[in-house]
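To start, the structure itself, in structure tokens.
The values are calculated or read from the model by the stated rules, or taken from the named source; none is laboratory data. All values reported here derive from a predicted model rather than from experimental measurement. A quick note on method: Cβ atoms are made from the backbone with ideal geometry, for glycine too, and the neighbour counts reach across all protein chains shown.
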Amino acid sequence: MKTEKCLIAVAFITTQAWAQAQNTKEMRKSAEQKTEAKMAADLKQGVTFAEATLAPKSGSKVQGSVIFSRMQNGMQVLASITGGTPGKHGIHIHEKGDCSAADAASAGAHFNPTGAPHAGPEAHARHVGDLGNITVKEDGVGLLSLDVPIVNGFTNWDSIIGKSVVVHAKVDDEKSQPAGASGDRIACGVIQAAKAKST
Ligand code: CU
Ligand code: ZN
């Protein structure tokens, strides 16, 4: 009789414990699903949608790559170059996706769909293509990570596909018109839709 009661008690406790464990498991599973959904959403926001490969121009040795990702309120630009001279170099999105000229003059002016003046990437009124400067270190390597917010109400980031990215010999002073007095065009690459799009 004692053993029977004891067994029932043990069975009860075990069932309770099992039920509780299942509950915890369910809760954990749902939390995991929520995290997964959030991660997927975040990934969608940060998804790389365009890229450019920069080739040397105007007799330089500068080459590199640029990737563009969608962010919640704008886009993120990640650029890396090699073979540069130490210091700051203007970098912009230019309005024509044509890097064929030896001096990259074929890339045209800065991409400026809103008809704003030239400025730096922090300014409210500026060319959509104004990415400011990329800083090259002693080893010739330059890196730029820039968050570009909505510019003058412009949000049609996909329209940069088919334009180009140009790196310049000199610093962009972010005020001289029409292009920041940044000198020769030393690298150029056409912006293309990213090959590997995550869904
Ligand atoms: Cu430029
Ligand atoms: Zn500009």
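Remark: pairs (first residue in the range 159-187, under 12 Å from residue 85 (Cβ atoms) and near ligand 1 (Cβ under 9 Å from one of its atoms); second residue among the aliphatic types (A, V, I, L, M) and outside any strand (DSSP E or B); Cβ separation under 7 Å; 6+ apart in sequence or on different chains) = 167/62.
What about residue 134, is it away from ligand 2 (no atom under 16 Å from the Cβ) and either at pLDDT 95 or above or assigned to a loop (DSSP other than H, G, I, E, B) (or both)? No; evaluated as a whole, the condition is false for this residue. I want to confirm something. Restricting to the range 74-116 and keeping residues that are charged (D, E, K, R) and under 17 Å from residue 53 (Cβ atoms), which single residue is farthest from ligand 2 (Cβ to nearest atom)? That would be 98. Tell me, please, whether a residue that is of a type in the set (S, T, N, Q), over 18 Å from residue 51 (Cα atoms) and surrounded by fewer than 22 Cβ atoms within 10 Å (Cβ to Cβ) can be found in the range 126-136. Within the range 126-136, one or more residues are of a type in the set (S, T, N, Q), over 18 Å from residue 51 (Cα atoms) and surrounded by fewer than 22 Cβ atoms within 10 Å (Cβ to Cβ).
Yes or no: the range 163-176 includes at least one residue that is out of contact with any Lys or Arg (no Cβ under 6 Å at 6 or more places or on another chain), closer than 22 Å to residue 96 by Cα and hydroxyl-bearing (Ser, Thr, Tyr). Checked the range 163-176: at least one residue is out of contact with any Lys or Arg (no Cβ under 6 Å at 6 or more places or on another chain), closer than 22 Å to residue 96 by Cα and hydroxyl-bearing (Ser, Thr, Tyr). When residue 149 is tested against (1) within 13 Å of ligand 2 (Cβ to nearest atom); (2) at pLDDT below 95; (3) within 16 Å of residue 77 (Cα to Cα), just one condition goes unmet, and that condition is (1). Within the range 147-199, the residues that satisfy the criterion of being assigned by TED's automatic domain parsing to the domain that holds residue 99, of a type in the set (Ser, Thr, Tyr) and surrounded by fewer than 19 Cβ atoms within 10 Å (Cβ to Cβ) are 155, 159, 176.
Would you check if there is a residue in the range 87-94 being assigned to a loop (DSSP other than H, G, I, E, B) and either at pLDDT 95 or above or buried (at least 18 other Cβ atoms within 10 Å of the Cβ) (or both)?
Of all residues in the range 87-94, those assigned to a loop (DSSP other than H, G, I, E, B) come to none.
Checked against the condition, which is being assigned to a loop (DSSP other than H, G, I, E, B) and either at pLDDT 95 or above or buried (at least 18 other Cβ atoms within 10 Å of the Cβ) (or both), the range 87-94 yields no hits at all.
Counting only residues that are β-branched (Val, Ile, Thr) and part of a strand (DSSP E or B), the range 140-199 holds 8 of them.
Among the residues of the range 117-126, none qualifies, meaning not one is among the acidic types (Asp, Glu), assigned to a loop (DSSP other than H, G, I, E, B) and within 18 Å of residue 62 (Cβ to Cβ).
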